[in-house]
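Peer 1: What follows is a single structure, and I will ask about it in a moment.
The values are calculated or read from the model by the stated rules, or taken from the named source; none is laboratory data. Note that the structure is predicted; figures quoted are calculated from it, not measured. Virtual Cβ from ideal backbone geometry, glycine too; neighbours counted across all protein chains shown. Surface areas here come from the heavy atoms of the whole protein model, side chains and all, with no ligands, DNA or RNA. Shrake-Rupley method; radii C 1.70, N 1.55, O 1.52, S 1.80 Å.
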Amino acid sequence: MSDDIEKTLEEIEALFAQTARELTTDGDQVTLHGASPATLYFSDRPQRVVGHLTTKQFVDEWGKGENSFAEDPPNAVISFVEKGDQTPEDAIVVLKDPQIDGDSLTYTVDMLEGSLPPKGELVSVFIDPFGRPLSPVSLAGINRRQRRRGR
């Protein structure tokens, strides 16, 4: 990743989105199969910056810099559809140790809320910004607040 992109991502507190054809889980790991080669990033107002980097770049940068994801693992919402279902479900996790192999991306996960099925389809992963787990504008934070309001 270029220094310009890295600086921009830190300045805008970028959130990240990844998609995949399906997921499988095995204990404390989740593997995204048919993962998109691009990881999208975006920011909230007022900047409204949108861009992408390769998923390989995203994984390669995992442990670099201050407040890296290796140092402070991000929370994420994993959204998926189980075979035969029409409505997406989601789980909130902490992502660690990404490993990429072809179009498969594997994370070690700590479950925070919900559960992951052995197999799911139409997967989206929304990752909190660097150093800001469950920030007020994060997707995981918004999801958490909505669930609490529903209780």
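Peer 1: Between the stretch 37-69 and the stretch 71-92, how far is it from one alpha carbon centroid to the other, in angstrom?
Peer 2: Here the answer is 19 Å between Cα centres.
Peer 1: Compute the distance in nm between two label points, each set 7 Å from the Cα along the Cα-to-Cβ direction, one at K83 and one at E113.
Peer 2: 3.0 nm
Peer 1: From the phi of every residue in the stretch 81-89, what ³J(HN,Hα) in whole Hz does the Karplus formula 6.51 cos²θ - 1.76 cosθ + 1.60 yield, where θ is phi - 60° and glycine or proline is x?
Peer 2: Residue by residue, the stretch 81-89 yields 10, 7, 3, x, 8, 9, 9, x, 10 Hz.
Peer 1: In addition: Which percent of the accessible heavy-atom area of the stretch 25-91 goes to carbon and sulfur, probe 1.4 angstrom? Display every interim value, and only then the final one.
Peer 2: Values: 1740 of 3780 Å².
Whole-percent figure for carbon plus sulfur exposure: 46.
Peer 1: Just to check I understand the Karplus step: with θ = phi - 60° and J = 6.51 cos²θ - 1.76 cosθ + 1.60, what whole-Hz values come out for the stretch 58-71, glycine and proline as x?
Peer 2: Karplus values, whole Hz, x for Gly and Pro: 4, 5, 4, 8, 3, x, 9, x, 5, 6, 5, 5, 5, 6.
Peer 1: Still on this model: Return the distance in nm (one decimal) between the two label points of a simple spin-label model at K96 and T24, each offset 7 Å from Cα along Cα→Cβ.
Peer 2: Distance between label points: 2.3 nm.
Peer 1: Out of the stretch 46-127, which trypsin sites (Lys or Arg not before Pro) are coil in DSSP terms and have no more than 14 other C-beta atoms within 10 Å? Let's see the in-between values first.
Peer 2: Details: sites: R48, K56, K64, K83, K96, K119; in loops: R48, K64, K83.
The qualifying sites are R48, K64, K83.
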